[in-house]
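These notes concern the structure reproduced below.
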Amino acid sequence: MTTHDAAEFIRRAEERNAARMAAVEPLAAILAKRAALQSQIDQIQEQIDALDPEYSRAYVNAEKAGWDAVELAALDAPEPTRRPRGRPAKKAAAKSTAGKPAAPAVTNSSARDRVPPQAPAGAENPTGVNV
């Protein structure tokens, strides 16, 4: 039976763990770099977002001067995501569904006759078939 010295045990464990620790050091360095870059991205995004109201006003002024959305898009000026107050956004969806008639009701009696009548809720099964 071998005697165990606590200090020797710890030294051997640290020796075996050294290779594992060496492998995670580059990972830690890369994670730190990524965090720093993400912070820079976040700061730049905040600066871009701060320009949105000014961009929206300039875009509307260009439209008022006679430029349309297609022309501005061709010049790489996309339509702003948020329009400034005082000018309602175009409601393309409302226009596209406004003039469409509703689906016609079934008037063909043969189609209606193919669907068996339903028993009212709580009524006994009229066919006598257990379901």
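Figures for the structure shown
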{"item": "Per residue solvent-accessible surface (Å²) - the range 15-74, probe of 1.4 Å", "result": "82"}
{"item": "Residue 81 versus residue 10: modelled label distance in nm, points set 7 Å from Cα along the beta carbon direction", "result": "5.4"}
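The values are calculated or read from the model by the stated rules, or taken from the named source; none is laboratory data. Bear in mind that the values here come from a model prediction, so they are computed numbers and not experimental data. Cβ atoms come from the backbone with ideal geometry, glycine included; neighbour counts cover every protein chain shown. What goes into the accessible areas is simple: the full protein's heavy atoms, side chains included, and nothing from ligands, DNA or RNA. Shrake-Rupley method; radii C 1.70, N 1.55, O 1.52, S 1.80 Å.
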